[in-house]
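Chemist: To start, I am sharing the structure in question, which I have written as structure tokens.
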Amino acid sequence: MNKFSLADVNLWYNDFQALKNITMDIPANMITAFIGPSGCGKSTLIKSLNRMNDLVEGCKITGNIMLDGEIIYGNIDVNLLRKRVGMVFQKPNPFPMTIYDNIAYGPRTHGIKSKFKLNEIVEKSLRDAAIWDETKDRLKKSALSLSGGQQQRLCIARALSVQPDVLLMDEPTSALDPISTSKIEELVIKLKKDYTIVIVTHNMQQAARISDNTGFFLLGELIEYGGTGQIFSVPGEKRTEDYITGRFG
Amino acid sequence: MKIAGLFKMKRRKPLDFVLFALTWICIGLTVSVLALVVGYVLINGVMYIRPSLFAFQYTVENQSLFPALVGTLMIVAMALTLSVPIGVFSAIYLVEYAKRGSRFVRIVRVTTETLAGIPSIVYGLFGFIFFGVVLGWGLSLMSGAFTVSIMILPLIMRTTEESLKAVPDAFREGSFGLGAGKLRTVGRIVLPAAMPGILAGVILAIGRIIGETAAIIFTLGNVARMPNNLFDTGRTLSAHMYALANEGTHPGEAHATAAVLLIVVILINALSSRIARLIKAS
């Protein structure tokens, strides 16, 4: 089943065309990786999926993006869309408040006030993001006291707290050390049971290790898209092969 | 740095030592000037502080500064009540809502910067004519407070703008990414993060109000008596000091007033930073 269906998506930042005729389906409960050199549009595309691009001035988008068959650039509540399609950013960005309040912020935003319910959500989210054991005794401490890797898992927990369907991850491990990275990769694989995951990565091994499908982007175009095993072993395009084998990028 | 370290440095690199010595001289100069002023005011003032200076009524005998102290606190409270909400909300609009770099924002910015550069006597004259004469408020707490609130508005706007801009966009993205709207993002994430900077601006503004004389004398007047209501005249500590020093008959009381003024400023600053800490902790 497809979570997202994109048809002829074009996107401009003022005069610069960042995405060109992107047509692809993103299947549910799988990990889809976007790879490609810097400036190829992969981050732009992932940000189009929850309309974070709306915040960028001069950004114009045409074509069609559907989530569960519903057009997301039509007349819908953007806040509800972002609740359904959570996001984890490149650099860990916990809010300058306690660990507990970081997680409770999302549910509170969507109207949950009961202390009991919030406690439950905080614990479940932290458990799901595999950081409960490290934080359960310091929930009232500032989130900024955590290490970089812990902060990123906290951000994943925060994204999970509003019970999204989809988790968008924009290079979530690029600012982390190898041990933290492998923890997050394990986590992502575990999460795909319940969530659809789209991950942008600069790390080819990472895409090969964790993703089910891979899309290769170059200069705003989707060059090749298919099963990860196939893309990495028998790429159909010369450019894909050159990139994967490290000849450019 | 220990003295031994200094000598070690001297042996290694002469230029390092010279720069190091220069920074220390500069720090020493700054601190000693400050210490000199504070010391001078306190030493000359404290010995004249006596209970009768705090008598409720000012008389020629007691030279009480109490009415002026009350006037100062009233003006500070009233001016802040007027300008902090307006300044903070304007800054929020400029940074969070207005289109970045738009013509309107640029015009507002140039205007506030110009306002910040106008000498206070001009504000005094304006306040006297507009609030005092045109609106008919005369020399009063209202005229004074409105006038100084216009004076500190640019200061509060600028410091608030700067501290809002200093809040990383990553916080905003994180909040929007969870489905929070603009209002919630600004109110729950951006404003708390910017609060220490905003309070620093408010402290500066308080300092400016307390130190103001020209605009105050033009609008509040300089009558040494307890104001009966908001449309009554009065004086502030600075204006009181100016009057005492000007008359030349009570230099001791003028010094005492200066000492009290200094202590009031220190107390207000301590209070503000305590509030800032409390807000940060909650």
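Chemist: With respect to B:Asn222, is the statement that it is more than 14 Å from every other protein chain (Cβ to nearest Cβ), over 23 Å from the mean Cα position of the chain (by Cα) and surrounded by fewer than 23 Cβ atoms within 10 Å (Cβ to Cβ) true? It would help to see each step written out before you state the result.
Modeler: Working: more than 14 Å from every other protein chain (Cβ to nearest Cβ): yes; over 23 Å from the mean Cα position of the chain (by Cα): no; surrounded by fewer than 23 Cβ atoms within 10 Å (Cβ to Cβ): yes.
Considered against the rule, which asks whether it is more than 14 Å from every other protein chain (Cβ to nearest Cβ), over 23 Å from the mean Cα position of the chain (by Cα) and surrounded by fewer than 23 Cβ atoms within 10 Å (Cβ to Cβ), B:Asn222 comes out as no.
Chemist: Right, B:Ile43: within 24 Å of B:Ala239 (Cβ to Cβ), in a loop (DSSP other than H, G, I, E, B) and aliphatic (A, V, I, L, M) or not?
Modeler: Details: within 24 Å of B:Ala239 (Cβ to Cβ): yes; in a loop (DSSP other than H, G, I, E, B): no; aliphatic (A, V, I, L, M): yes.
When the stated conditions are applied, B:Ile43 does not pass them.
Chemist: Follow-up question, since we're still on this one. Can you find, within the stretch B:169-208, the residue that is nearest to the other protein chains (Cβ to nearest Cβ) among those that are β-branched (Val, Ile, Thr) and under 30 Å from A:Phe89 (Cα atoms)?
Modeler: Of the stretch B:169-208, the ones β-branched (Val, Ile, Thr) are B:185-186, B:189-190, B:198, B:202-203, B:206.
Among the residues that remain, those that are also under 30 Å from A:Phe89 (Cα atoms) are: B:185-186, B:189-190, B:198.
Working: B:Thr185: 9, B:Val186: 13, B:Ile189: 6, B:Val190: 10, B:Ile198: 15 Å.
Across the stretch B:169-208, the extreme among qualifying residues is B:Ile189.
Chemist: Now for a separate question. So is A:Lys124 away from chain B (no Cβ under 14 Å), more than 30 Å from A:Pro235 (Cβ to Cβ), without any contact (Cβ under 8 Å) to a residue 60 or more places away in the chain and under 22 Å from the mean Cα position of the chain (by Cα) or not?
Modeler: Yes.
Chemist: Out of the stretch B:226-248, which residues are in contact with a helix residue (DSSP H, G or I) (Cβ under 7 Å, 6 or more places away or on another chain) and β-branched (Val, Ile, Thr)?
Modeler: B:Thr236
Chemist: Among the numbered conditions (1) within 24 Å of B:Val84 (Cβ to Cβ); (2) within 11 Å of chain A (Cβ to nearest Cβ); (3) surrounded by fewer than 18 Cβ atoms within 10 Å (Cβ to Cβ), tell me where B:Gly211 comes up short.
Modeler: (2) is the only condition that B:Gly211 fails.
Chemist: Select from the stretch B:124-141 the residues that are in a helix (DSSP H, G or I) and out of contact with any Asp or Glu (no Cβ under 9 Å at 6 or more places or on another chain) and list them in ascending order.
Modeler: Of everything in the stretch B:124-141, those that are in a helix (DSSP H, G or I) and out of contact with any Asp or Glu (no Cβ under 9 Å at 6 or more places or on another chain) turn out to be B:Leu125, B:Phe126, B:Gly127, B:Phe128, B:Ile129, B:Phe130, B:Phe131, B:Gly132, B:Val133, B:Val134.
Chemist: Next question, about the same structure. Report yes if A:Pro27 is away from chain B (no Cβ under 14 Å), closer than 27 Å to A:Gln205 by Cβ, in contact with a Gly (Cβ under 8 Å, 6 or more places away or on another chain) and surrounded by fewer than 15 Cβ atoms within 10 Å (Cβ to Cβ), otherwise no.
Modeler: Working: away from chain B (no Cβ under 14 Å): yes; closer than 27 Å to A:Gln205 by Cβ: yes; in contact with a Gly (Cβ under 8 Å, 6 or more places away or on another chain): no; surrounded by fewer than 15 Cβ atoms within 10 Å (Cβ to Cβ): yes.
Judged against the criteria, A:Pro27 is not a match.
Chemist: While we're looking at this one, here's another question. Go through (1) surrounded by fewer than 23 Cβ atoms within 10 Å (Cβ to Cβ); (2) under 15 Å from the mean Cα position of the chain (by Cα); (3) among the charged types (D, E, K, R) for A:Arg158 and report which single condition fails.
Modeler: (1)
Chemist: Collect the residues in the stretch B:230-260 that are touching a residue at least 24 places away in the same chain (Cβ under 8 Å) and assigned to a loop (DSSP other than H, G, I, E, B), keeping them in residue-number order.
Modeler: B:Leu230, B:Phe231, B:Asp232, B:Thr233, B:Gly234, B:Arg235, B:Thr236, B:His250
Chemist: More than 11 Å from every other protein chain (Cβ to nearest Cβ) and either part of a helix (DSSP H, G or I) or buried (at least 18 other Cβ atoms within 10 Å of the Cβ) (or both), is that true of A:Ile65? Working first, answer last.
Modeler: Working: more than 11 Å from every other protein chain (Cβ to nearest Cβ): yes; either part of a helix (DSSP H, G or I) or buried (at least 18 other Cβ atoms within 10 Å of the Cβ) (or both): yes.
Taking the combined requirement at face value, the residue satisfies it.
Chemist: Let me ask another. Of the residues that make up the stretch B:122-145, is at least one without any contact (Cβ under 8 Å) to a residue 24 or more places away in the chain, surrounded by 20 or more Cβ atoms within 10 Å (Cβ to Cβ) and more than 16 Å from B:Tyr93 (Cα to Cα)?
Modeler: No, the stretch B:122-145 contains no residue that is without any contact (Cβ under 8 Å) to a residue 24 or more places away in the chain, surrounded by 20 or more Cβ atoms within 10 Å (Cβ to Cβ) and more than 16 Å from B:Tyr93 (Cα to Cα).
Chemist: Residues in the stretch A:68-80: is at least one in contact (Cβ under 8 Å) with a residue 60 or more places away in the chain, more than 9 Å from chain B (Cβ to nearest Cβ), out of contact with any Pro (no Cβ under 7 Å at 6 or more places or on another chain) and farther than 13 Å from B:Gly174 by Cα?
Modeler: Looking through the stretch A:68-80, at least one residue is in contact (Cβ under 8 Å) with a residue 60 or more places away in the chain, more than 9 Å from chain B (Cβ to nearest Cβ), out of contact with any Pro (no Cβ under 7 Å at 6 or more places or on another chain) and farther than 13 Å from B:Gly174 by Cα.
Chemist: When you go through (1) crowded, with 24+ Cβ neighbours inside 10 Å; (2) of a type in the set (Lys, Arg); (3) within 14 Å of chain B (Cβ to nearest Cβ) one by one for A:Lys141, which number turns out not to apply?
Modeler: Condition (1) is where A:Lys141 drops out.
Chemist: Still on this model: Look through the stretch A:84-100, keep the residues that are touching a helix residue (DSSP H, G or I) at 6+ places or on another chain (Cβ under 8 Å) and either more than 16 Å from A:Gly149 (Cα to Cα) or among the acidic types (Asp, Glu) (or both), and return whichever of them is farthest from the other protein chains (Cβ to nearest Cβ).
Modeler: A:Tyr100
Chemist: In the stretch B:238-261, what residues are surrounded by fewer than 17 Cβ atoms within 10 Å (Cβ to Cβ) and within 20 Å of B:Thr72 (Cα to Cα)?
Modeler: Passing the criteria: B:Ala245, B:Asn246.
Chemist: Give B:Phe56, B:Phe66 a once-over and let me know the one that is loosely packed, with under 12 Cβ neighbours inside 10 Å, hydrophobic (A, V, I, L, M, F, W, C) and in contact (Cβ under 8 Å) with a residue 12 or more places away in the chain.
Modeler: On the way: B:Phe66 fails: loosely packed, with under 12 Cβ neighbours inside 10 Å.
After ruling out the rest, the residue left standing is B:Phe56.
Chemist: Report yes if B:Gly174 is surrounded by 18 or more Cβ atoms within 10 Å (Cβ to Cβ), in contact with an Asp or Glu (Cβ under 8 Å, 6 or more places away or on another chain) and assigned to a helix (DSSP H, G or I), otherwise no.
Modeler: no
Chemist: Now for a separate question. Would you check if A:Thr62 is on the phi < 0 side of the Ramachandran plot and under 17 Å from the mean Cα position of the chain (by Cα)? Working first, answer last.
Modeler: On the way: on the phi < 0 side of the Ramachandran plot: yes; under 17 Å from the mean Cα position of the chain (by Cα): no.
Judged against the criteria, A:Thr62 is not a match.
Chemist: Hey, another quick one. Tell me, yes or no, whether the stretch B:199-216 has at least one residue that is under 26 Å from B:Tyr58 (Cβ atoms), assigned by TED's automatic domain parsing to the domain that holds B:Ala270 and outside any helix (DSSP H, G or I).
Modeler: Checking the stretch B:199-216: at least one residue is under 26 Å from B:Tyr58 (Cβ atoms), assigned by TED's automatic domain parsing to the domain that holds B:Ala270 and outside any helix (DSSP H, G or I).
Chemist: Could you give me the residue pairs with C-beta distances under 9 Å whose first residue belongs to the stretch B:177-191 and is on the phi < 0 side of the Ramachandran plot, whose second residue is surrounded by fewer than 18 Cβ atoms within 10 Å (Cβ to Cβ) and aliphatic (A, V, I, L, M) wherever it lies, and which are 6+ apart or on separate chains?
Modeler: B:Gly181/A:Val78
The values are calculated or read from the model by the stated rules, or taken from the named source; none is laboratory data. From a predicted model like this one, the values you see are computed outputs, not experimental measurements. Positions of Cβ are generated from backbone atoms using ideal geometry, with glycine treated the same way; all protein chains shown enter the neighbour counts.
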